[in-house]
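S.K.: One structure follows; several queries about it will come next.
The values are calculated or read from the model by the stated rules, or taken from the named source; none is laboratory data. As the structure is a computational prediction, the values presented were derived from the model and not from experiment. Positions of Cβ are backbone-derived with ideal geometry, glycine not excepted, and every protein chain shown enters the neighbour counts.
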Amino acid sequence: MSKVDAPGRGAMWWVLVPFFSVGLLAAVPFGWLSGRVRRVRNIVIAALYAAAAVLALVFIPEDEAAADNWAVVMAACVWILGTAHTAVAMSALRRGDAGQERSVGQVNREVLRAAMEREELRRKARGLLVEHPVAAAEMRIGRPDLPRTYDDGGLVDVNTVPADVLVRHLGWSAEQAEEVVAVRERLGRFADGKELIAFTQLPPTRVDAARAVLVFSARLGVGA
């Protein structure tokens with residue numbers, strides 16, 4: 001997949017090529033387009049227009065009055081269709097519909113940047129939970145089930161959220177989530193992931209997979 005940066009306004013000038021050449025050069029814009037947006041489709045289109053132009057030149061009779069000749073009709077179609085087709089293709093390129101393809105490397109960089117930004121949000125939110133627990137409670141850190149405006153990066157407070165949040169956000173089964181809530185009510189709170197594993201039937205792999213977003217508030221009811 002190739003990368004095409006911000007199609008320029010000059011692309012629309014290619015519409016004049018098939019128009020003023022009476023369709024004979026209808027292949028040229030698509031030849032240029034195949035180099036800018038590397039798609040087999042554009043190469044095929046260019047080849048078809050080129051073949052049609054050659055056939056028209058070879059078989060159009062010298063008698064200009066023979067307007068019903070198939071080659072004349074084909075030449076007229078290539079002229080009209082080629083001009084319209086070029087206008088549509090270049091307009092799409094200009095909008096970015098056909099031309100702005102992101103490379104795999106660019107997509108990967110964007111995904112990595114987004115993941116790092118989420119990780120930084122979680123780091124700051126964890127710091128607030130430790131250093132300013134009251135403010136963290138008011139900001140409802142780790143409480144995706146409650147209305148809030150602060151973005152904590154997707155943290156989930158195991159000591160406060162209802163069972164359905166554990167299911168939706170962590171992918172735990174309903175039975176596992178209900179057990180966690182029941183044990184939490186009996187113990188008062190979980191201190192960390194080790195206690196979560198020790199006092200419930202949750203597989204360690206499930207807890208480890210969720211460690212990036214798990215937090216354990218200082219007391220039951222934080223953020224309620």
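S.K.: How do the pairs read when you match residues in region 171-198 that are at pLDDT 95 or above with residues anywhere that are surrounded by 14 or more Cβ atoms within 10 Å (Cβ to Cβ) and hydroxyl-bearing (Ser, Thr, Tyr), using Cβ under 8 Å and keeping only pairs 6 or more apart or on different chains?
M.R.: GLN176/THR200; GLU179/THR200; VAL180/THR200; VAL183/THR200
S.K.: Still on this structure, I have one more. Of the residues in region 128-167, how many are free of Cβ contacts under 8 Å to residues at least 12 places away in the same chain and closer than 25 Å to THR205 by Cα?
M.R.: Qualifying residue count for the region: 1.
S.K.: Can you tell me which residues in region 135-163 are assigned to a helix (DSSP H, G or I) and touching a helix residue (DSSP H, G or I) at 6+ places or on another chain (Cβ under 7 Å)?
M.R.: Residues satisfying the conditions are ALA135, ALA136, ALA163.
S.K.: Could you please let me know if ASN108 is in contact (Cβ under 8 Å) with a residue 24 or more places away in the chain and not hydroxyl-bearing (Ser, Thr, Tyr)?
M.R.: No, not satisfied.
S.K.: Taking the options ARG36, ARG102, ARG118, ARG113, name whichever one is out of contact with any strand residue (DSSP E or B) (no Cβ under 7 Å at 6 or more places or on another chain), closer than 30 Å to ALA212 by Cβ and at pLDDT below 75.
M.R.: On the way: ARG36 fails: closer than 30 Å to ALA212 by Cβ; ARG118 fails: at pLDDT below 75; ARG113 fails: at pLDDT below 75.
Among ARG36, ARG102, ARG118, ARG113, only ARG102 is out of contact with any strand residue (DSSP E or B) (no Cβ under 7 Å at 6 or more places or on another chain), closer than 30 Å to ALA212 by Cβ and at pLDDT below 75.
S.K.: Out of curiosity, is ILE141 modelled with pLDDT of 85 or more and within 30 Å of LEU24 (Cα to Cα)?
M.R.: Here the answer is no, as ILE141 does not meet what is asked.
S.K.: Also, quick follow-up: Select, from VAL130, VAL107, VAL134, VAL161, the only residue that is aliphatic (A, V, I, L, M) and outside the structural domain of THR200 (by TED's automatic domain parsing).
M.R.: VAL107
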